[in-house]
1. What FRET efficiency, computed as 1/(1 + (r/R0)^6) with R0 = 25 Å and r the Cβ-Cβ distance, is obtained for N142 and K60, rounded to the nearest 0.05?
2. Under 5 Å between amide H atoms, partner at least 5 residues away or on a different chain: which partners does I165 have, H built in plane at 1.01 Å?
3. How large is the accessible surface per residue of the stretch 54-141, computed with a 1.4 Å probe and reported in Å² as a whole number?
4. Compute the FRET efficiency between E82 and M149 as 1/(1 + (r/R0)^6), taking r as their Cβ-Cβ distance and R0 = 30 Å, and round to the nearest 0.05.
5. Just to verify a number: what accessible area does L84 come out at with the full protein assembly present, 1.4 Å probe, Å² rounded to tens?
6. Restricted to Cα positions, what overall size does the stretch 72-117 have along the principal axes? Three whole-Å values, descending.
7. Heads up, I need the accessible area for K74: 1.4 angstrom probe, whole protein in place, Å², nearest 10.
8. Extending each Cα 7 Å along its Cβ direction at S27 and D123, get the distance between those two points in nm, one decimal.
Amino acid sequence: MLTNCRNFYFDKKPNNKFNFLENELYSELLKLMKLSKEVIEGKLTISEASEEPYLPFMAKHLQQDLRFLGKRPKYLLSIFKEFLRLYAHLYTAQLALNLKGWQKGEPEAQLSYYILDSEKASDERYLVKDYGYNQMYQALWNIFPYLSMNESLQSKKIDNAVNTIQPLWVLAEKPAANP
């Protein structure tokens with residue numbers, strides 16, 4: 001999920017009063033953000049992330065949500081654990097649902113419906129049956145084989161020229177190299 005935050009930083013300081021520990025954490029975060037801003041502005045260079053995001057649309061939404069929550073730091077601190085859990089689940093689900101369609105190009109959000117454990121899905125709720133748990137359960141089995149194949153296709157041990165690991169759909173769009 002960290003590759004999704006590439007070139008992201010909070011640009012406004014919250015106007016909250018922090019306790020000692022929060023103040024220390026905030027000052028460390030500011031140092032990191034300053035470095036990030038200097039990298040974006042070209043004043044400082046650091047090595048690039050070793051992987052591109054597999055789901056650019058999820059990266060965009062994550063950054064938007066972080067920007068929104070960054071303006072409300074007390075709220076962000078109170079829900080941060082749940083926020084990360086939600087994004088981990090959403091990212092995993094969308095990754096699983098998009099992997100088999102890597103030949104189609106850049107991934108898009110796939111339908112995925114959920115109901116509470118206490119609810120019953122009648123036949124009238126066809127979207128829950130067609131795009132619910134069973135679809136995701138079957139797709140989850142693709143994550144390890146597809147991502148392992150992607151890693152091995154771009155292995156640095158075989159080709160030292162590989163700097164950044166690309167998603168499968170990016171590899172499919174590139175012309176084949178001449179042997």
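1. 0.60
2. It is E51, E52, by chain and number.
3. Per-residue value: 71 Å².
4. Once the sixth-power term is evaluated, E becomes 0.35.
5. The accessible area comes out at roughly 70 Å².
6. 43, 28, 12
7. My reading of the accessible area for K74 is about 100 Å².
8. For the pair S27/D123, the computed spacing is 6.8 nm.
The values are calculated or read from the model by the stated rules, or taken from the named source; none is laboratory data. Just so you know, these numbers come straight off a predicted model, no measurement behind them. Quick reminder, even Gly has a Cβ in these numbers, built from the backbone with ideal geometry, and neighbours come from all protein chains shown. Remember, those area values only see protein heavy atoms, side chains included, never the ligands or the DNA or RNA. Shrake-Rupley method; radii C 1.70, N 1.55, O 1.52, S 1.80 Å.
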